[in-house]
Structures are given as structure tokens and as C-alpha cells.
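K.L.:
Okay, handing you the structure first.
The values are calculated or read from the model by the stated rules, or taken from the named source; none is laboratory data. None of these values were measured; they are calculated from a predicted model. Glycine gets a Cβ as well: all are built from the backbone with ideal geometry, and neighbour counts include every protein chain shown.
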Amino acid sequence: MISKVPFRVWIAVVIVVLVAVFIGQNRSDTSIELFWVRITSPLWFILLVLFLLGGAVGLVFGRRGRGQ
């Protein structure tokens, strides 16, 4: 029965478990100051937002494929 589970599903399960552990270990609040703005939020949330912003910047300004 385990052999019938696709490899993609196993990868998704591993990623979900790693994310759950990451969130569990980074629940403490942290503060970020930029100019006159101070934001206090859980560390995992701040890292998630920065990761998503980095991905968006990569999509907008990333390298184009060959020939473009």
C-alpha cells in the first residue's frame, strides 16, 4: 500500500512536517524596525512574509529563459 503513494505526496508530507516543526520552534515574538515603523510579530510569520516577498521579486526581476 505504501508503494502506491506517489513520490510527490511523500515530498509534500515531508515539507508539511518540516514547516510544522519550524513554526513550533519559532513562535517567539520579534521586532523589526525600519525607519520610524516598528513591527512586532512571531518570527515564523516575519520569515514567511520575507520569503514570499523574495519569491515575488524573483518572479518579476528574475532571469528570463534562453533566447528572451
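K.L.:
Within region 50-64, can you find the residues that are at pLDDT below 85 and either of a type in the set (Phe, Trp, Tyr) or surrounded by 10 or more Cβ atoms within 10 Å (Cβ to Cβ) (or both)?
P.N.:
Initially, region 50-64 is screened for residues at pLDDT below 85, giving 50-52, 54-55, 58-59, 62-64.
Listed by number, the residues that qualify are Leu50, Phe51, Leu52, Gly54, Gly55, Gly58.
K.L.:
Sticking with this one: Got at least one residue in region 34-43 being modelled with pLDDT of 85 or more and among the charged types (D, E, K, R)?
P.N.:
Yes, region 34-43 has at least one match.
K.L.:
Within region 1-21, track down each residue that is small (Gly, Ala, Ser) and closer than 19 Å to Leu43 by Cβ. Spell out the reasoning first.
P.N.:
Step one: of region 1-21, the residues small (Gly, Ala, Ser) are 3, 12, 20.
Selection gives Ala20 alone.
K.L.:
State which residue is surrounded by the fewest Cβ atoms within 10 Å (Cβ to Cβ) when the search covers only region 1-40 and only residues that are β-branched (Val, Ile, Thr) and over 21 Å from the mean Cα position of the chain (by Cα). Spell out the reasoning first.
P.N.:
Taking region 1-40 first, the residues β-branched (Val, Ile, Thr) are 2, 5, 9, 11, 13-17, 19, 21, 23, 30, 32, 37, 39-40.
In the following step, the residues that additionally are over 21 Å from the mean Cα position of the chain (by Cα) were identified as 2, 5, 37.
Values: Ile2: 5, Val5: 10, Val37: 7.
Here the residue is Ile2.
K.L.:
Sticking with this structure for a sec: Please find, within region 1-40, the residue that is farthest from Phe51 (Cα to Cα) out of those that are part of a helix (DSSP H, G or I) and of a type in the set (D, E, K, R). I'd like the intermediate steps shown before the answer.
P.N.:
If we filter region 1-40 for residues that are part of a helix (DSSP H, G or I), which is where we start, we get 2-4, 7-25.
Going one step further and asking which of them are of a type in the set (D, E, K, R), we end up with 4, 8.
Working: Lys4: 33, Arg8: 22 Å.
Out of the qualifying residues, it is Lys4.
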